[in-house]
Each structure stands twice: as C-alpha cells, then as structure tokens.
Amino acid sequence: MSISIRPAKAEDRAAALEAEKKATPRLSYLGAVYDDWREEPEGALLVAEHDKEVVAVGKFTVVPDGSAWLEALRVRPDRQGLGIGKAFYERFLALAEEKKIHTLRMYTGVKNETSRGLAERFGFSLAAQFSGFTFPLDKKPVEEAEGNFVFLTPKEAAKKAPKMQKNWGPYAVMNRTFYKTSVELMSDWAGRGFVYADEKTGALAVLGARFLPAAGLHLAMFSPENEKALAFARQTTYQRGLPSLYCMVLTCRQDVKDFLQEAGGLQDFADCLVMEKNT
Ligand SMILES: CC(C)(COP(=O)(O)OP(=O)(O)OC[C@H]1O[C@@H](n2cnc3c(N)ncnc32)[C@H](O)[C@@H]1OP(=O)(O)O)[C@@H](O)C(=O)NCCC(=O)NCCS
C-alpha cells in the first residue's frame, strides 16, 4: 500500500470532487473553488494518491493574520482509516515549517470524533466552540433597514479594528473559515468590499462570502448597533436575490445568540469546534 500527497492538478478535479461528494455528501463546495485554490500563491490544494489512485483532497490556506487554515480535508470513505488523513497532516505541518508559520487551525463538527482525534493526534487542542444561525429569506421582502451603510476603505477599517475586536471577540467566521480577528483581517476584508459602517450610529457590519457568493451572505461581525447591522445585512442579502444570511458566533456569547434567535435566526443542530496548534 502506498500513499503519496502532492499538489492537485487540473486533471485531478473529478477524483477530488468525487472524494468530497462521498466523504461529505451534504457539504459540497470544492467544485466552485477548485481552480482558484490550485492557483493561490501562498496556499496549497493537495490530493492523496493511494495505490496510484486519487482518493482524497485537502487544502492548506494562509489567512491574513499569517496563520494556516487547514480545510476541506476529505478522504473517500472506502479508503478511510488507512493513514491518508495522517499523511495530509504531516504535509500540512511540513508546509507550515517551510513557510515559518507557527499557528495552525482547523474546524470540525462537535460530533466528528475522527476529525477531532486526528487533529489532537498532531498536537491541536480546542480553541473555541461556535454556534451557527441561518436567516432564510425565501425571497420575501424584509423591512427596510435604517441608516446609511457605506463601504469602509482598508485604512478606515483598520482604524475601527481594535474596538470591533473588543466588542466582537477573538474570532470572526465567514463560510465556516474561522479567522482570528486582527487589524490585518479587517483591512483585508475591507479591500474585498466586505466592511460597512453607518457613520451616524456607528453601526458596523462585516458582510460577504469567501466563496459561493450565490449561496448566500455571511455576517462575520457586527457591532455595536446590533439591530441596525442585522437589518442592513438582511436587506442586502434580500436585495441581491440570495436565499439566506448566515452568522456564526462563539457559543459562550449567550447575549449575541439570544439576539440572533429573537431576530428569527434558526440555530444549527450541531456546533463547530475550532482546533489550534502553536509551534
Ligand atoms: C476525518 C478524515 C479526514 C480522517 O482521514 P483518514 O484517512 O480516515 O484518517 P487516518 O486513517 O489517517 O487517521 C486516523 C486517525 O484519526 C484518529 N481517529 C480515528 N477515529 C477516531 C475516533 N473514533 N476517536 C478519536 N480519534 C480517532 C486517530 O488518531 C487515528 O489515528 P491512529 O489510528 O493511528 O490513532 C476522514 O475520515 C474523512 O474524510 N472524513 C469525512 C470528512 C471529514 O470529516 N473531514 C474533516 C474535516 S470536517
């Protein structure tokens, strides 16, 4: 039995998508990002060959705070338990060392004991737990939002970052990518057109999609005028004709969870865990 991990090629696409479809039948997005991820200069989209057949995929991403984000690890079920996941982690850790990256993170569902156990085996430990809320819009008109939200430039967003970080907490989530909040992250997001503020009330919202923009928007942070920021996010999602708005918050932030629930957010059945390793 031989296992080798190597960069994904264009011609591995079908096999990689097949691994994703079979490993996580209810969560498929690799097709939308496959080419972009292959071309990312800092990251690495990898596949595993088992006995010369491509049977697994995984991605090493460098996020704006300079840490590594391990994502989309999928091993075809008929080849699970053979050491392929471990081979990916070995490669991820080698890449981090090569790039002088000292913090690595990944996420998994609270019930995914294999994924958590695999991360723990390589020295990752629990950093935080998150609860997700969906606001289905069903193309129904939403109430008009108050205020006049405008884009912030990266410089403006960077200035607001420390206060935002204090109000919101240490992580912000977009497309289930769990970012450590930082000045770099806020200016990166502003550069992508995700950071909005209403100067009159001071309300701030980070709203966007890292990928799959047609599937809905993600409200990654909002503060301190919660009602106004959420109303703006819902209205924007509706105006773009998108099906839903999604927001993940730290499970320990009961105040924010209550607010989202009272506003009509539907809580996910299972929370997510972020695991972290520092070298
Ligand atoms: C999670 C996944 C990537 C693991 O890949 P794999 O190739 O099956 O894993 P490996 O055989 O390399 O490693 C298995 C390791 O996981 C850990 N593990 C497995 N089952 C476990 C369990 N029930 N409890 C705790 N740890 C467990 C162990 O550390 C084990 O290594 P060991 O047997 O030497 O102790 C794979 O099962 C998968 O694709 N699952 C579906 C998608 C998924 O959950 N992706 C993860 C991110 S959400």
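Here, each number is a calculation from the coordinates, and none is a lab measurement. Quick caveat: nothing in here was measured; it's all calculated off a predicted structure. As a convention, Cβ positions derive from the backbone with ideal geometry for all residues, glycine included, and neighbour counts pool all protein chains shown.
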Efficiency by 1/(1 + (r/R0)^6): what FRET value for Glu227 and Asn112, r their Cβ-Cβ distance, R0 = 35 Å, to the nearest 0.05?
0.50
By its C-alpha gyration tensor, with a ≥ b ≥ c as the square roots of the eigenvalues, how is the stretch 110-175 shaped: rounded for a/c under 1.5, else prolate for a/b larger than b/c, else oblate?
oblate
First select every other residue whose beta carbon is under 12 angstrom from the beta carbon of Gly31; then total the charges, Lys and Arg +1, Asp and Glu -1.
-2
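Using only alpha carbon positions, build the gyration tensor of the stretch 3-101, then give the equivalent ellipsoid semi-axes as the square roots of 5 times its eigenvalues, largest first, whole angstrom. Provide the component values of the computation, followed by the final result.
On the way: eigenvalues 85, 48, 28 Å².
In descending order, the three semi-axes are 21, 15, 12 Å.
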Taking θ = phi - 60°, what integer Hz values does the Karplus form 6.51 cos²θ - 1.76 cosθ + 1.60 yield along the stretch 65-80, in sequence order, with x for Gly and Pro?
7, x, 8, 9, 10, 9, 8, 6, 7, 9, 10, 3, x, 6, 10, 6
In whole Å, largest first, the alpha carbons of the chain cover along the principal axes 63, 39, 33
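In what order do His50, His218 fall by count of nearby beta-carbon atoms within 10 Å, going from fewest to most?
If I rank by nearby Cβ atoms, fewest first, I get His50, His218.
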For an R0 of 25 angstrom, estimate the FRET efficiency from the Cβ-Cβ distance between Val150 and Ala263 and round to the nearest 0.05.
0.60
Near Val150, within a Cβ-to-Cβ distance under 10 Å, what is the net charge of the other residues, with Lys and Arg +1 and Asp and Glu -1?
-3
Taking a ≥ b ≥ c as the square roots of the Cα gyration tensor eigenvalues, with a/c under 1.5 meaning rounded and otherwise prolate when a/b beats b/c, else oblate, which class fits the stretch 132-269?
rounded
Sort the following peptides by mean Cβ neighbour count (other Cβ atoms within 10 Å, averaged over residues), highest first: 242-249, 92-99.
242-249, 92-99
Just want the ordering: Lys159, Lys100, Lys277, from fewest to most Cβ atoms lying within 10 Å of their own Cβ.
Lys100, Lys159, Lys277
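Could you put Arg79, Arg26, Arg253 in order, starting from the residue whose Cβ has the fewest other Cβ atoms within 10 Å?
Ordered from fewest to most neighbouring Cβ atoms within 10 Å, Arg79, Arg26, Arg253 come out as Arg26, Arg253, Arg79.
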Starting from the Cα gyration tensor of the stretch 72-121, take the square roots of the eigenvalues, sort them a ≥ b ≥ c, and report rounded, prolate or oblate (rounded when a/c is under 1.5, otherwise prolate if a/b is larger than b/c, else oblate).
oblate
Farthest towards the positive end of the dipole of the chain, among Val173, Ser187, Ala14 and with Cβ unit charges of +1 on Lys and Arg and -1 on Asp and Glu, lies the Cα of Ala14
Report the charge-dipole magnitude of the chain in Debye, nearest 20, computed about the Cα centre from +1 at each Lys and Arg Cβ and -1 at each Asp and Glu Cβ.
300
Note down the net charge around Tyr246, summing +1 for each Lys or Arg and -1 for each Asp or Glu among other residues with Cβ under 13 Å from its Cβ.
+2
